1. Are any residues in segment B:193-241 buried (at least 22 other Cβ atoms within 10 Å of the Cβ), within 14 Å of chain A (Cβ to nearest Cβ) and polar (S, T, N, Q), and if so, which ones?
2. Quickly run through segment B:50-71 and pick out the residues that are of a type in the set (A, V, I, L, M, F, W, C) and at the interface with chain A (Cβ under 10 Å from one of its Cβ atoms).
3. Need the failing condition index for A:GLN129 against (1) more than 9 Å from chain B (Cβ to nearest Cβ); (2) at pLDDT 90 or above; (3) in a helix (DSSP H, G or I), just the number.
4. Does A:ALA88 qualify as being buried (at least 17 other Cβ atoms within 10 Å of the Cβ) and farther than 24 Å from B:VAL187 by Cβ?
5. Among the candidates A:ALA107, A:ALA98, single out the residue that is among the aliphatic types (A, V, I, L, M), touching a Leu at 6+ places or on another chain (Cβ under 6 Å) and over 24 Å from B:ALA213 (Cβ atoms).
6. Select the helices (runs of 4 or more DSSP H) contained entirely in segment A:49-90, then report the ones holding at least 2 residues which are within 18 Å of A:MET121 (Cβ to Cβ).
7. Quick check on segment B:79-89. Is at least one of its residues farther than 20 Å from A:ASN136 by Cα and outside any loop (DSSP other than H, G, I, E, B)?
8. Within the group A:ALA171, A:ALA108, which residue is at pLDDT below 95 and over 25 Å from the mean Cα position of the chain (by Cα)?
Amino acid sequence: MSSYKHFIVAALSIGAISVSSPAALQCAPVPDSITLNQNGKLFSPFTFNHAQHIQSIKECADCHHHTTGTLVLDPNCARCHQNSSPTAVVSCKGCHSATPFSPENLAAKRADKQRYHLDKMGLKGAMHQSCIGCHNKMGNGPTGCQDCHPRTKEGAAFYSTNRKGAKPAHAEEE
Amino acid sequence: MKRRNFLKACLIGGTTIALGKTNKGWASGSFEGYPEAMGVLVDTTRCIGCRSCEAACNKEQKLPEPDTSFDDPSVFEHERRPTSKAYTVVNRYQKEQPSGPVYRKVQCNHCNEPACLTSCFVNAYTKTKEGAVIYNSKVCVGCRNCMIACPFNAPGYDYDSATNPIVKKCILCYDTRLKYGKPPACVEICPQEALTFGHRADLIKLAHERIRATPERYVDHVYGEKEVGGTSWLYLAPVGFDKLGFDTTLSNDPIISNVKDFLGMVPMVLSIWPALFSGIHLLAKHEEQGGHGHDTDSNQEDTKP
């Protein structure tokens, strides 16, 4: 079995983020920090500073879509979810599968002819696009792989980092 | 009598071949790939050029160590193509544009009607029902016809081995993953989900839906949907495909269509022409001989008394 299979399957498992609507804010705990990539093989687990992001962004829906019951920002989503109430699960992994392309998931998608959200992102894609996308847009925040999660020893071997600085392939080809 | 039979046979034979050729032509022209074929949709607007797919491919296919590490961005200075040591490579385009660079992953596109397969005279290539174009290195003789035939420059050649010359390319992880319904290694590793794995037919719908939902993000074209008869790998792009190194001059007809008409003539030429020309030759000779013989006979008759 490939070494990184476990990384894919278990990567980026995220602790439940229980951000809820302002009304329910008093009773539902909002985590200050969340450990992401808990079972990462190629990249180490790291702490996501949730509190800092709440402070600087203030808008839950920027990351949590309509799940927290706040105003829906995306006009395409608003067509149906304008008046959607908060969902039971607000964590990323509550909706986004860690194995979006598994034979089981693909078969389920094919069997369900009524399903609308056919293009729902997997967990890894959703998180990376959300983080990197926003960090790029804001012009601050980490965007490099190791800026968030340092590589493990296994990861270093996977990316053949011992070959760093060697002659690139094209130099030989030309 | 003999000549009449001969001409009749020619006519019947020719018609049969002509009809057979036409039917065959229609059949392959309308072939849209296997219904259960899988594929990968590459959304170049999502790719960040991390080259994780290259690393995953290298490990999955047990390829030799790369010349430089997989996190070395200096490889983007030159446009690369897949080789026998790297079945997939990521290239960078539009670096000077304010919208930022666009990265494009290159590998075998796994055509519905592969030109490599058509060009291979030892039948080393197979298009599986899962959509992968795989090859049998045991029968490959290293002629490299497939490298010339491929419109995407996908097959690489293993020049290092003089005794066992083989062509190498992406096989969609057929042996280790696709066969079991699992996504290829590159798709699984991609952090941005720039690669979407699924049934080819579903991916085409998905791609058009992405364009419909966010038209400002994409040019309205799915590369690989129709190009050279359709490919299992499909691409979405934020700018014209010609700006990202794609060959936009390719026809929607499979490469085989370019040679099909000509190749259809080969059996006719081989089977009919020898018979036709020997017939003509024999008839001509017979006439010549007959005429001459008659003359001789009359001469003999003349000299008989």
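The values are calculated or read from the model by the stated rules, or taken from the named source; none is laboratory data. On a predicted model such as this, the values are computed, not experimentally measured, just so you know. Virtual Cβ from ideal backbone geometry, glycine too; neighbours counted across all protein chains shown.
1. Result: B:THR196, single match.
2. Filtering segment B:50-71 for residues of a type in the set (A, V, I, L, M, F, W, C) gives B:50, B:53, B:55-57, B:63, B:70.
If the condition is that a residue be of a type in the set (A, V, I, L, M, F, W, C) and at the interface with chain A (Cβ under 10 Å from one of its Cβ atoms), then B:CYS50, B:ALA55, B:ALA56, B:PHE70 are the ones that fit.
3. Here A:GLN129 meets the rest and fails (1).
4. Numbers: buried (at least 17 other Cβ atoms within 10 Å of the Cβ): no; farther than 24 Å from B:VAL187 by Cβ: yes.
No.
5. On the way: A:ALA107 fails: touching a Leu at 6+ places or on another chain (Cβ under 6 Å).
So the residue among A:ALA107, A:ALA98 that is among the aliphatic types (A, V, I, L, M), touching a Leu at 6+ places or on another chain (Cβ under 6 Å) and over 24 Å from B:ALA213 (Cβ atoms) is A:ALA98.
6. Working: elements: A:50-57, A:61-64, A:75-81.
By residue number, A:61-64, A:75-81.
7. So in segment B:79-89, the residues farther than 20 Å from A:ASN136 by Cα come out as B:79-89.
So of that shortlist, the ones also outside any loop (DSSP other than H, G, I, E, B) come out as B:89.
For segment B:79-89, residues farther than 20 Å from A:ASN136 by Cα and outside any loop (DSSP other than H, G, I, E, B): present.
8. On the way: A:ALA108 fails: over 25 Å from the mean Cα position of the chain (by Cα).
Sole residue among the options that is at pLDDT below 95 and over 25 Å from the mean Cα position of the chain (by Cα): A:ALA171.
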